[in-house]
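As structure tokens, the structure follows; a few thoughts come after it.
Taken together, the values in this text are just the output of simple stated rules run on the coordinates, not laboratory data. Just so we're clear, the structure is a prediction, and the values are computed from it rather than from any experiment. Here the Cβ positions follow ideal geometry from the backbone for every residue, glycine too, while neighbour counts run over all protein chains shown.
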Amino acid sequence: MVEIVGIIGAGQMGSGIAQVFAQNNFKVRLSDVTDDRLNAALQNISKNLDRQIAKGKMTEADKAKWLGNITLSTDYAFFRQCDLVIEAATENESIKREIFKKLTPFLQADGLLASNTSSISITGLAAATDRPERFIGMHFMNPVPVMQLVELIRGIATSEETFKTIHDLTKKLGKSASISEDFPAFIVNRILLPMINEAIYALYEGVGNVESIDMAMKLGANHPMGPFELADFIGLDTCLSIMQVLHDGLADSKYRPCPLLVKYVEAGWLGRKAKRGFYDYRGEKPVPTR
């Protein structure tokens with residue numbers, strides 16, 4: 001039974017996962033490399049809850065209770081009591097492997113492990129731990145408090161008991177689970193990121209500009225966001241990383257990252273988080289950069 005949940009990584013995804021568990025009355029232990037990052041995450045969660053209060057969906061008492069469910073620390077030792085620890089660090093396999101290597105000595109013998117990776121092999125990450133049978137992919141969508149889907153990915157060694165526990169847990173969070181086999185980028189990003197990459201190729205080849213392509217997909221395909229708006233929201237470094245995983249893992253040229261995407265990442269124009277990507281966010285409203 002899962003009652004205490006550890007989360008490694010207090011960025012956009014990790015803080016969102018922490019909020020969802022806290023709102024569902026789980027005890028949450030949130031960790032990152034600095035106190036500043038942890039405090040910023042708690043402030044973001046607090047602001048998210050304030051918006052819910054303003055909409056009449058919760059009370060100040062609810063907020064106080066849910067924030068009280070979250071404990072912060074930079075020390076992995078406070079994961080000793082956790083029934084489940086979810087890794088939500090940056091989308092880099094070597095960083096994730098290093099986290100699991102550092103973490104496993106602090107875990108309970110029967111503790112479960114999950115990764116929020118959006119593309120990396122669950123089997124490979126599980127092999128970096130001492131408990132591959134208790135390891136699973138638990139890929140939340142962004143923004144976590146709003147999006148209803150969680151992709152569950154079994155590695156080759158993931159036990160049926162682990163899968164059932166995490167599947168039931170997903171339901172307790174009010175989320176729906178899609179079950180994916182352990183192939184590069186799973187289901188959502190296997191389909192979504194090549195679409196974004198193709199939009200970047202269309203821009204690169206002069207088929208249309210940023211504004212025209214986004215408008216075409218919003219009004220022509222009824223997408224809530226255009227591919228460039230979405231890429232900036234996801235982070236262009238993350239988009240590139242996923243395309244590289246697809247290209248390397250499936251050895252098919254159709255997954256080759258567009259050179260323009262590579263250039264934007266090299267420039268540090270990573271999207272909303274960097275204030276510039278396919279749109280410039282430094283003014284009153286976003287302005288296309290091409």
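By the beta-carbon count within 10 Å of each Cβ, the least crowded to most crowded order of Ile200, Ile53, Ile213, fewest first, is Ile53, Ile213, Ile200.
Taking Cβ atoms as reference points and 15 Å as the exclusive limit, the residues near Gln52 contribute a net charge of +3, counting Lys and Arg as +1 and Asp and Glu as -1. Averaged over residues, the count of other Cβ atoms within 10 Å places the peptides 181-193, 248-260 in the sequence 181-193, 248-260, highest first. Over the chain, DSSP H runs of length four or greater, each weighted -39,500 (n - 2.57), average out per residue to a 222 nm ellipticity of -13500 deg cm²/dmol. Pairs exceeding a 28 Å alpha-carbon distance, out of Lys175/Lys263; Lys65/Lys218; Lys96/Lys164: Lys175/Lys263; Lys65/Lys218. Label-to-label distance, Ala127 versus Glu211, with points set 7 angstrom from Cα along the beta-carbon direction: 5.0 nm.
On full extension, the segment bounded by Thr59 and Thr74 gains 2.4 nm, given 0.36 nm per residue less the C-alpha separation. Taking Ser176, Ser119, Ser212 in turn, the Gaussian network model of the chain (Cα-Cα springs below 10 Å) assigns the largest fluctuation to Ser212. Once the gyration tensor of the Cα atoms in segment 48-169 is diagonalised, the equivalent ellipsoid follows with semi-axes of 28, 17, 14 Å, ordered largest first. Legend: ranking of residues Ser31, Ser241, Ser178, Ser94 from fewest to most surrounding C-beta atoms inside 10 Å; resulting order Ser94, Ser178, Ser241, Ser31.
For Met195, Met138, the sequence from fewest to most other C-beta atoms within 10 Å is Met195, Met138.
Loop-located trypsin sites (Lys or Arg not before Pro) in segment 25-99 (DSSP state other than H, G, I, E, B) with a sparse environment of at most 14 neighbouring Cβ atoms within 10 Å: Lys55, Lys57, Arg80. Stretching the chain fully between Lys285 and Asp110 yields a gain of 58.0 nm (0.36 nm per residue, less the alpha carbon separation). From most to least packed by mean Cβ count within 10 Å, the peptides 10-18, 81-89 give 10-18, 81-89.
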